[in-house]
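What follows is a short report on a single structure.
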Amino acid sequence: MATEPSAIEPRLTAFDIAMVVFSLVVGIGIFRTPAIVARAAGDTRLFFAAWIVAGAISLIGAFVFAEIGARHPRAGGYYRVVADCYHPALAFMLNWSQTIMQGAGAAGVAFIGADYLGPILFPSHAPGEHVTLALACASILVLLALNYRGMRLGASAQNLLSLLKIGLMGALVVCAFVLVRRAHPAVPPPPLGAAGSWSVRLATALVPCFYAYGGYHLTMNLGADLKDARRRFPLAIAAGVLTVVTLYLLLNLAYHRVLGTGGVADSPLVAAALTGALFGRAGRAVVSVVVFLSAAGFVNATIVHMPRTFYAMAEDGALPRAFMRVNPRTQAQEAGLVFFGLTMLVPALLLGSFAKLLDYVILVDTVTLAVVASTLFVLRRRTGAAGGFAMWGYPLLPVFYIGCLLTVAVRVSVLQPSLALAGAAIFLTGWPLFRFGRRLFGSPRTRAPDT
């Protein structure tokens, strides 16, 4: 292990970053949220409108964060840019909220993957809670070990998991369109008819859609790891998000073609319902493997990027200097990996359901995204349009994007006021923690040279 902080060397390619984008976005949401979206939308047109609108807004957001990342290619960029443009205290408070959410959220996704894998490994009986816990913790520990061995090994595992997911999801789409005539849904589609005006139903349906599309922005934490970041970062993020939007629309078309929108609304595990209708029990087994790989890819992508945030927070003296130590041989942040591993494994013993996490995650994400996205205006004032990659449609599209994020946050707060209070409480506890960290670990250290 390195004994002193070391500069991070850029070793990742644009393809590596695009694959991280894909797996950060495509975790478990596309296999759970379509039913929630269909119930909220209430009809087929609004169901697809929600996915298209959310995809278009996410693509705008991808270009916003591509410009921020290209202008500010720093380790832990998601934290660093707020600290540099506004104040380290605000950056710490936002990232404290994100850390709590990311660790518990990654553990929750690992649990869902274990729920799917358990019946495949133990087909003779229904796996109990202890089996699910053991499988979830085992998958987390294996992925932590891979990343501990080195950033390159972790990225290679990420690429493999991402390519497997793309192939398997593509196979689902092809099977749905080719074999639709032999499909036999287990239950007839129920009638739809959600209450409220079309605008209210669309706004409600957008909440789970944004959850399913979320995550691309966190690749900013890998800005210092990407070779030629100012040129390649926009390409990597745009390629990753466009791949996700295309696959999501194709998958939802496949769900609708086989099950109908009513059948989608009545199928919480919609991918299992799709393959079950096409292939019976064998189809359910296949989709269980797909979901497990998707979950593993999401957890691994989270493990890859989160320690870089701790690096940036340690630069400002808000965390111990040990979090700045990078193994010069493997480029692994060993202290950061151990700490983030604890934030996943400890909640694993106390975690509730995935459904309960959705609203909290989207509330924290949208507020944080709005703040980080607003730094683009500060960076533009400092460097002008020639300071790096410049997105089309500035400033109207960034303003529109931030407005959409805040609208979703308000909608969630109205629907779940208790979650809004909980999120606010976690955010505010970041202030005393930041002050305590500054006193305990001293003023900001001399920063490692940018690479």
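Every number in this text was worked out from the coordinates using simple rules, so none of it is lab data. Note that this is a predicted model, so its numbers are computed, not measured. All Cβ positions, glycine included, derive from the backbone under ideal geometry; neighbour counts span all protein chains shown.
So if each residue of separation counts as 0.36 nm, and I subtract the Cα-Cα distance between H87 and L249, what length gain in nm does that give? Let's see the in-between values first.
Working: separation 162, 0.36 × 162 = 58.32 nm, distance 3.93 nm.
Answer, rounded to one decimal: 54.4 nm.
Per residue of the range 243-254, in order, report the coupling 6.51 cos²θ - 1.76 cosθ + 1.60 (Karplus, θ = phi - 60°) as ³J(HN,Hα) in whole Hz, putting x for Gly and Pro.
4, 5, 4, 4, 5, 4, 5, 5, 5, 5, 5, 5
Need the full-extension length gain, V289 to A422, defined as separation in residues times 0.36 nm minus the C-alpha distance. One decimal, nm.
So the chain would gain 44.4 nm between V289 and A422.
Each residue of the range 266-280 in order: what ³J(HN,Hα) in whole Hz does its phi give by Karplus 6.51 cos²θ - 1.76 cosθ + 1.60, θ = phi - 60°, with x for Gly and Pro?
Rounded to whole hertz, the list is 9, 10, x, 9, 5, 5, 5, 5, 4, 6, x, 5, 8, 10, x.
Convert each backbone phi in the range 204-215 into a coupling constant with the Karplus relation 6.51 cos²θ - 1.76 cosθ + 1.60 (shift: θ = phi - 60°), then list the ³J(HN,Hα) values in order as whole Hz, x for Gly and Pro.
For the range 204-215, the Karplus-derived couplings read 5, 5, 5, 4, x, 5, 4, 4, 5, 8, x, x Hz, x marking Gly and Pro.
Roughly how compact is the range 230-276, stated as its Cα Rg over 2.2 N^0.38 Å to two decimals? Please list the in-between numbers first.
On the way: Rg = 15.0 Å, N = 47, 2.2 N^0.38 = 9.5 Å.
Ratio of Cα Rg to 2.2 N^0.38 Å: 1.58.
Need one number: nm distance between label points at A138 and R281, each 7 Å from Cα along Cα→Cβ, rounded to one decimal.
Once both label points are built, they end up 2.2 nm from each other.
Extending each Cα 7 Å along its Cβ direction at V399 and S199, get the distance between those two points in nm, one decimal.
2.0
Give me the one-decimal nm value for the distance between modelled label points at F122 and R382, 7 Å along each residue's Cα-to-Cβ direction.
Reported label-point gap for F122 and R382 is 5.3 nm.
Calculate, in nm to one decimal, what F177 and L342 gain on full extension: separation in residues at 0.36 nm each, minus their alpha carbon distance. Show your work: numbers first, answer last.
On the way: separation 165, 0.36 × 165 = 59.40 nm, distance 4.34 nm.
Going from the current span to full extension adds 55.1 nm.
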